[in-house]
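Contents: one structure, followed by commentary.
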Amino acid sequence: MRIKFNNKNLQDLYTKGKSKKYSLSMDVVKKFVKVMAILEAAYDIYDLWSFTSLHFEKLKGYKNRFSARISQKWRLEMEINWENEEKKIGIINVIDISKHYGG
């Protein structure tokens, strides 16, 4: 799986550790970087599902939007542009960090 940033602020957060838009604690930024490392290392979508701590899931109401848990409060949203018919391998477009109010 390859990574692409559709959000310049998230790219800055990942590469520089800070962003004008996202004022997150350093603990959350570190966890975000760890999630990004998992995404970059993944060969296919099954690798992402195997990391149960990510709570990787398809978001309802969207065709190709997924989320991965950064913390109990924050999640990373992404879209996957599939590169094969089986929808196993694709380009992950990192879109946003949003609040997650679940368990």
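FYI, it's all coordinate maths here, none of it is from the lab. All values reported here derive from a predicted model rather than from experimental measurement. Here Cβ is always computed from backbone atoms with ideal geometry, including for glycine, and neighbour counts include all displayed protein chains.
Details
- Evaluation of Met36 against the conditions (1) surrounded by 13 or more Cβ atoms within 10 Å (Cβ to Cβ); (2) free of Cβ contacts under 8 Å to residues at least 12 places away in the same chain shows that the sole unmet condition is (2).
- Unique residue being closer than 22 Å to Lys99 by Cβ and of a type outside the set (Gly, Ala, Ser) when the list is Asn9, Asn81: Asn9
- Residue list for the stretch 15-33, filter: free of Cβ contacts under 8 Å to residues at least 60 places away in the same chain and within 12 Å of the chain's Cα centre (by Cα): Lys31, Val33
- Matching residues in the stretch 65-85 - criterion: being outside any strand (DSSP E or B), within 25 Å of Thr15 (Cβ to Cβ) and of a type outside the set (A, V, I, L, M): Ser71, Lys73, Glu83
- Each residue in the stretch 65-82 was checked for being surrounded by fewer than 18 Cβ atoms within 10 Å (Cβ to Cβ) and either of a type in the set (Lys, Arg) or over 16 Å from Glu40 (Cα atoms) (or both), and 4 pass.
- For the stretch 86-98, a residue qualifies if it is assigned to a loop (DSSP other than H, G, I, E, B) and in contact (Cβ under 8 Å) with a residue 40 or more places away in the chain, and the qualifying residues are Lys87, Lys88, Ile89.
- A residue that is crowded, with 16+ Cβ neighbours inside 10 Å and part of a strand (DSSP E or B) occurs nowhere in the stretch 11-31.
- Residue in the stretch 51-62 that is in a helix (DSSP H, G or I) and surrounded by 13 or more Cβ atoms within 10 Å (Cβ to Cβ) present: yes
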